[in-house]
Amino acid sequence: METTLRDRYESPLSARYAGTEMKFLFSPDKKFKTWRKLWIALAEAEKDLGLPITQEQIDEMKQFAEDINYDVAQARENIVRHDVMSHVYAFGEQCPKAKPIIHLGATSCYVGDNTDIIIMTEALRLISKKLVQVIHALSHFALKYKDLPTLGFTHFQPAQPTTVGKRATLWIQDLLMDLEDIEYQLSKAKLLGQKGTTGTQASFLELFEGDHDKCKQLDQKIAEKMGFSACFAVSGQTYTRKLDSQILAVLSGIAQSASKFANDIRLLQHLKEIEEPFEKNQIGSSAMAYKRNPMRTERICALARYVMVDSLNPMITASSQWFERTLDDSANKRISIPEAFLAVDGILDLYNNVADGLVVYPKVIEQHLLQELPFMATENIMMDAVKKGADRQQLHEQIRIHSMAAGKVVKEEGGENDLLERIAADSAFGVTREELQTILRPEKYVGRAPQQTEEFIREIVEPVCKKYNLSDLQKAEIRL
């Protein structure tokens with residue numbers, strides 16, 4: 001666990017779960033340095049459009065863009081009780097020549113809201129890369145086990161067989177849908193720009209002496225200087241809080257996908273078919289030393305539940321904003337948005353760790369499948385007997401009787417499934433135990449599962465993975 005202050009609360013999302021890169025994105029340093037970049041962009045744009053701002057003033061601001069005098073800002077905030085004006089003051093103390101033009105014509109939302117959008121956009125890009133990292137790990141797993149038959153389940157009851165690899169493609173497909181949602185959000189990313197106190201740009205119309213075109217150009221120039229293609233065409237004082245709602249809906253979708261995967265692994269670990277990674281010296285239970293609890297996947301489910309519930313916050317906020325601006329969004333945004341991103345970051349680090357280290361037990365998988373396969377093979381057995389001249393209706397009734405009897409042995413007596421022995425002993429079927437064994441080859445019952453897996457990875461997954469450079473992603477440290 002990282003070093004923390006022991007005498008006060010610290011969010012576990014920061015102390016235990018989220019990665020370094022995501023924590024930096026929501027740090028004071030990132031926030032306030034972005035404020036200063038926005039002030040510089042505003043001054044440059046205003047200068048370009050003819051306001052009396054000098055290059056010397058802009059150069060002075062750039063000199064201190066990364067050097068934030070937090071002590072001055074905090075002391076000022078203690079007096080004026082306004083975070084933005086405190087940082088305007090602190091920046092001005094470092095830049096006496098630029099002091100008169102810092103924040104010229106702007107409202108607090110110019111730095112606050114634009115910074116929020118910039119940080120969320122960068123955070124979505126980081127999430128997208130981690131998402132692809134998980135998809136990449138699962139695709140290797142899917143191909144490795146594309147041919148391994150396993151018992152399929154509907155309602156968590158034994159159903160037609162599939163393969164271990166095919167099952168993994170279902171997890172991947174959910175993640176691809178989440179990735180599409182992220183890419184869509186990023187494709188339409190816009191800044192607030194500089195709209196003024198009620199979104200009318202009145203203060204800038206005054207600064208530019210009634211020149212509407214320059215007001216429009218100001219937004220576009222700010223967007224381009226900050227790496228965006230456009231600003232919202234209209235707004236109140238803030239960007240629409242609908243954006244926060246949409247972004248957290250995407251994060252909630254990732255949480256849903258991860259939780260589904262994690263629940264599947266927890267069930268498979270109970271069946272002793274597939275396990276999450278388990279460290280050499282890891283303790284599964286303080287009381288039961290033999291246990292290997294699925295701690296990572298349980299944590300995925302826990303964090304995912306938090307994100308899904310947290311996504312309601314911006315939905316309610318977006319629906320309850322009054323006219324051009326109300327401030328009941330601020331305190332909620334400061335908590336709900338960063339923590340959703342930190343939680344999803346932690347989820348994906350766990351997901352990648354688990355996907356990259358899944359332990360498969362083929363013998364157990366085969367044993368479970370063979371226990372149920374005789375019931376599933378009865379249709380094939382019956383058809384083969386009919387080809388030899390038997391009566392289908394008579395055989396159907398005999399299979400029903402034998403299946404009920406075999407099921408009773410398994411469920412009530414705790415015995416082995418003896419359905420094959422019963423069928424072999426029934427002269428109506430005219431089949432030997434050896435012939436039945438040939439019919440019962442598991443790979444005959446998986447349909448196109450191996451081919452579906454290969455086609456899906458080759459045609460759908462690999463082209464997506466190739467678009468992303470994952471080499472600069474840090475290997476996540478999983479803190480248990």
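The values are calculated or read from the model by the stated rules, or taken from the named source; none is laboratory data. This structure is a prediction, so every number in the text was calculated from the model and none was measured. With ideal geometry, Cβ positions are generated from the backbone for all residues, glycine too; neighbour counts draw on all protein chains shown.
Of note:
- Residue match in segment 361-377 (condition: modelled with pLDDT of 90 or more, closer than 30 Å to TYR145 by Cα and among the β-branched types (Val, Ile, Thr)): yes
- Of the residues making up segment 169-179, one or more are farther than 23 Å from CYS231 by Cβ, free of Cβ contacts under 8 Å to residues at least 60 places away in the same chain, outside any strand (DSSP E or B) and among the hydrophobic types (A, V, I, L, M, F, W, C).
- When restricted to residues that are among the hydroxyl-bearing types (Ser, Thr, Tyr), farther than 19 Å from PHE141 by Cα and under 28 Å from the mean Cα position of the chain (by Cα), segment 332-378 contains 1.
- Any chance THR154 is more than 27 Å from LYS31 (Cβ to Cβ) and either charged (D, E, K, R) or without any contact (Cβ under 8 Å) to a residue 12 or more places away in the chain (or both): yes
- Here PHE228 does not qualify as at pLDDT 95 or above and part of a helix (DSSP H, G or I).
- Every condition in (1) farther than 25 Å from GLU397 by Cα; (2) at pLDDT below 85 is met by GLU435 except one, and the failing one is (1).
- Filter result for the condition that a residue is in contact (Cβ under 8 Å) with a residue 12 or more places away in the chain and farther than 23 Å from GLN173 by Cβ, over LYS146, LYS97, LYS130: LYS97
- The condition of being crowded, with 20+ Cβ neighbours inside 10 Å and more than 30 Å from the chain's Cα centre (by Cα) holds for only one of LEU131, LEU138, LEU218, LEU192, that being LEU218.
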